[in-house]
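The values are calculated or read from the model by the stated rules, or taken from the named source; none is laboratory data. Note that this is a predicted model, so its numbers are computed, not measured. Using ideal geometry, Cβ is built from the backbone for each residue, glycine included, and neighbour counts are taken over all protein chains shown. Ligands, DNA and RNA are excluded from the accessible area calculation, which covers all protein heavy atoms including side chains. Shrake-Rupley method; radii C 1.70, N 1.55, O 1.52, S 1.80 Å.
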Amino acid sequence: MDHRNPRAAHLEAFEPGWGDERAARGNLYILIELIGSSPVGSHAVREMQATAELTYYSAGGPVSQVLKQAITDAHEVLRNMNRNSPDIDLRAGIICAAVVQGHLVIASAGPTVAFIATDQRLDQFPLDEERFSSNVGGETEPNIHTYRHVLNSGDALFLGESEWILQSDVRTIGGAVVSTTVSNMQEMVLHLQEQGENVPLLGLLLVYADEEQGEEEAVGTPLPTAVGAAPPVHSVPGEERTTHIGTSGNRVGDPSPDLPSAATMQHQLTVPIRPPENVRNHWRKRAFRLLDRPSRWFSSLLQGLLPERRERQNEQTQQTGTEGPVPPSQPTPSDPVEPIQQAPRQQISEGPAVSRSEERVQLPALPGYAPPAPSKGNRRRLIIAIAILIPLLTSAVVGAAFLREGSINQEEGLQLVELADGKLLEVQQALAVEDKATARASLSEAQRYLDEAIVLIGVTDRIQELSEVIATELQDLLQVRALYSLDVPLLEYAADAEPQRIVVSNQDIYVLDSGHQAIFHYRANPERTLLEEDNGAILKEGDTVPGGVTVGRLVDIAWQPRISGFEDKASLLILDRNNNVFRYNRLDGATHLVLREQSSLGSVGQLGIYNGRLYLADERSDQIFRYSPAGLAYDDPPAEWFDEQVRGDLAGLIAMGIDGDIWLLSEDGTLIRFREGQQLPFSLERIPGLGGLLVDFAMAEHADGMLFLADATDERILVYDKEGRYIQQFVDAEDMALAGLRGLFLDEVTDILYILTKSGLYAHPLPR
């Protein structure tokens with residue numbers, strides 16, 4: 001997905017560097033798939049990400065438990081927002097991946113997907129039945145699933161939203177992840193983008209770097225180690241294990257590395273990994289300086305921890321014949337004194353190469369603790385009174401803090417409501433001079449203020465009243481018109497279908513289904529109210545056409561009218577990912593269209609026809625190649641349509657239209673207009689709510705025609721003129737038919753707009 005897409009912010013990566021106190025907890029990656037539409041959706045995602053990050057880098061315990069707690073806390077944030085504002089009703093899927101101490105631990109709830117590839121296997125997590133078992137943000141607690149894996153060099157991880165499985169298939173995505181290395185990551189990212197069929201999907205691809213190289217670079221570098229924390233356990237399996245609590249309270253059977261608590265992380269020891277000789281000498285000198293100080297107790301303790309020093313003192317005692325303490329001598333560089341190490345809670349063997357002098361020693365046992373005598377009389381009563389007052393005072397302080405915070409939120413929320421009210425006055429002033437653009441902008445600002453106020457104080461009667469006024473004014477200003485003929489579709493699709501493109505010629509209807517990778521042909525009645533024929537698939541991926549050409553993955557279709565003196569039959573043109581163009585008509589069937597210099601094409605994702613010329617948009621070379629009819633086919637070499645000084649950025653191109661000018665729609669919602677190889681100054685007028693996911697557009701060929709843009713996020717069709725001025729928008733009267741909007745086609749002869757959705761195909765006369 002392009003980073004400019006609004007939904008790109010739903011993915012966050014936290015990779016603390018050395019010197020950051022969070023570095024001991026490793027890297028954290030959070031992907032949130034938001035279900036539902038709301039003006040405060042982006043705010044909800046940011047709050048959930050911030051909460052999950054704070055929990056992971058502050059709570060203590062095994063990584064899997066900390067990740068579960070992070071998802072639970074994010075769930076509480078979204079649930080509270082839904083409770084405060086019932087009109088929001090958002091749900092989400094969350095997947096969190098932590099890479100810490102050479103381990104990968106993943107936790108997820110709701111519809112997200114992950115693939116983990118090693119040199120031996122490929123794992124999909126979670127399973128389909130687990131992925132859709134529950135969502136985050138509802139009243140019930142989500143089912144959180146975890147996955148663990150010990151990372152090796154070259155292991156690859158892919159995180160994505162659930163739409164990946166719908167747009168592509170498990171085998172294709174898994175094969176790409178298995179094939180990913182550090183050197184070919186960029187190529188694999190481009191390959192995965194192609195699998196999305198030009199639909200902007202959110203994903204993250206990671207490769208675990210060479211661990212041995214990291215160890216060489218870390219020699220002599222301080223490694224944050226929590227005081228009192230157990231050494232890292234290097235046995236994280238790739239499946240769930242039940243955690244048992246032993247009698248001593250220690251966790252047994254959970255192989256996740258333990259994370260120190262936030263308080264512990266404030267005080268960290270830094271000890272070198274396999275310290276070189278100069279570091280060891282530094283610790284030797286520091287130890288002897290401590291021994292030379294007058295503190296007798298600390299000196300005795302260090303003498304007990306340094307056996308070599310004690311042995312040297314015993315030798316000196318034998319030479320002098322006394323048993324009293326001997327003043328310490330100055331150390332020499334050859335003194336074999338080892339650095340002081342904290343006693344570990346569990347022993348990790350490093351193999352026979354480690355000498356006995358480097359083994360960790362236990363601290364000497366301390367005397368038993370003897371409790372003092374219980375207090376009596378007035379002293380006892382005073383202690384009891386203090387014990388009772390402390391929780392009461394704590395509750396009072398906490399309550400006062402909450403009241404103060406609530407008062408601040410209330411004040412800010414009321415100020416935002418007043419700002420929204422002021423914007424409504426600006427709307428009336430703009431309408432008085434018939435300045436609809438300013439009025440729409442003021443209404444958008446007013447609604448934004450109300451959305452922010454709802455987050456702070458919830459929905460009040462005043463907010464509800466202003467919201468209704470804004471909705472009424474917008475309804476008039478935006479010219480929202482309901483389509484009442486969408487109650488019965490021409491065609492209904494099964495759940496596994498993925499209709500993507502539609503082309504209509506008279507009564508013939510052609511639909512590209514990327515899910516089945518086939519082109520389907522239908523024929524409607526003269527009134528376009530029902531289908532008379534269903535001819536099924538006329539061409540599929542893997543078919544072989546005359547000439548021995550095999551059909552690749554299908555990506556686009558266009559209609560080629562009859563060309564006098566060149567082609568006596570109108571045909572459907574079909575493009576596949578191998579840069580092959582096929583031609584289909586009912587008399588000749590499917591044939592391969594020969595193109596001159598086809599081998600020089602890079603990666604063609606769109607094709608178009610205008611005045612008999614064929615246009616191919618090559619995403620790899622950022623060029624549109626134009627073929628003119630010649631000979632028996634397109635026998636002349638193609639011309640580069642863009643000027644040498646102008647290069648259109650075709651990465652992320654999802655639709656192309658031609659009316660003499662060439663119009664390009666990108667996945668970030670940008671519509672660009674070119675004329676004679678040069679870009680024209682053009683932009684769509686901003687309206688309230690504009691910024692949803694635009695998936696396709698249709699337009700009339702004449703200059704004063706209209707542009708129709710499919711907004712899949714808000715389930716509407718936006719209408720602009722060719723200067724970018726907003727005209728009106730179409731919505732469904734029942735608020736259901738336009739769900740899953742995929743494609744549009746305008747039949748200028750009959751003035752019928754064909755609407756393609758995930759579940760059906762509709763034909764609606766243009767409202768007058």
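Brief remarks follow.
- When we screen GLN447, GLN429 for residues that are part of a helix (DSSP H, G or I), at pLDDT 80 or above and surrounded by 16 or more Cβ atoms within 10 Å (Cβ to Cβ), the only hit is GLN447.
- Selection status of GLY552, over 30 Å from LEU486 (Cβ atoms), among the small types (Gly, Ala, Ser), open to solvent by less than 30 Å² (accessible area, probe 1.4 Å) and not in a strand (DSSP E or B): yes
- Options ALA710, ALA737: the member that is open to solvent by less than 40 Å² (accessible area, probe 1.4 Å), over 30 Å from TRP641 (Cα atoms) and among the small types (Gly, Ala, Ser): ALA737
- Members of the range 634-656 that are assigned to a strand (DSSP E or B) and under 21 Å from ARG577 (Cβ atoms): TYR634, LEU653, ILE654, ALA655, MET656
- The numbered conditions (1) open to solvent by less than 30 Å² (accessible area, probe 1.4 Å); (2) within 22 Å of THR438 (Cα to Cα); (3) among the charged types (D, E, K, R) are all true for ASP696 except (2).
- Contact map, the range 600-618: residues that are within 22 Å of GLU667 (Cα to Cα) paired with residues that are surrounded by fewer than 16 Cβ atoms within 10 Å (Cβ to Cβ), Cβ distance under 6 Å, separation 6+ or inter-chain. Pairs shown: GLY602/ARG620; SER603/ARG620; ASP618/GLY602.
- Contacts under 7 angstrom Cβ, first residue in the range 620-637 being among the aliphatic types (A, V, I, L, M), partner open to solvent by 40 Å² or more (accessible area, probe 1.4 Å), 6 or more apart: ALA630/ASP636; ALA633/VAL594
- Residues that are in contact with a Lys or Arg (Cβ under 7 Å, 6 or more places away or on another chain) and either charged (D, E, K, R) or outside any strand (DSSP E or B) (or both) within the range 494-523 comprise GLN507, ASP508, GLN517, listed in sequence order.
- Residue in the range 61-80 that is of a type in the set (D, E, K, R), within 21 Å of the chain's Cα centre (by Cα) and at pLDDT below 90 present: yes
- Residue match in the range 668-677 (condition: open to solvent by less than 40 Å² (accessible area, probe 1.4 Å) and either modelled with pLDDT of 95 or more or under 20 Å from VAL511 (Cβ atoms) (or both)): no
- Sole exception among (1) under 22 Å from VAL189 (Cβ atoms); (2) among the hydroxyl-bearing types (Ser, Thr, Tyr); (3) open to solvent by 30 Å² or more (accessible area, probe 1.4 Å) for SER168, by number: (3)
- Any hit, the range 134-147, residues being at pLDDT 90 or above, under 30 Å from GLU452 (Cβ atoms) and surrounded by 22 or more Cβ atoms within 10 Å (Cβ to Cβ): no
- Tally of residues being open to solvent by 40 Å² or more (accessible area, probe 1.4 Å) and under 19 Å from GLU527 (Cα atoms) across the range 470-496: 5
- A search for C-beta distances below 9 Å between a residue of the range 47-61 that is within 17 Å of LEU31 (Cβ to Cβ) and open to solvent by less than 20 Å² (accessible area, probe 1.4 Å) and any residue that is among the polar types (S, T, N, Q) and in a helix (DSSP H, G or I), counting only pairs 6+ apart in sequence or on different chains, returns THR55/GLN69; THR55/THR72; TYR56/GLN69.
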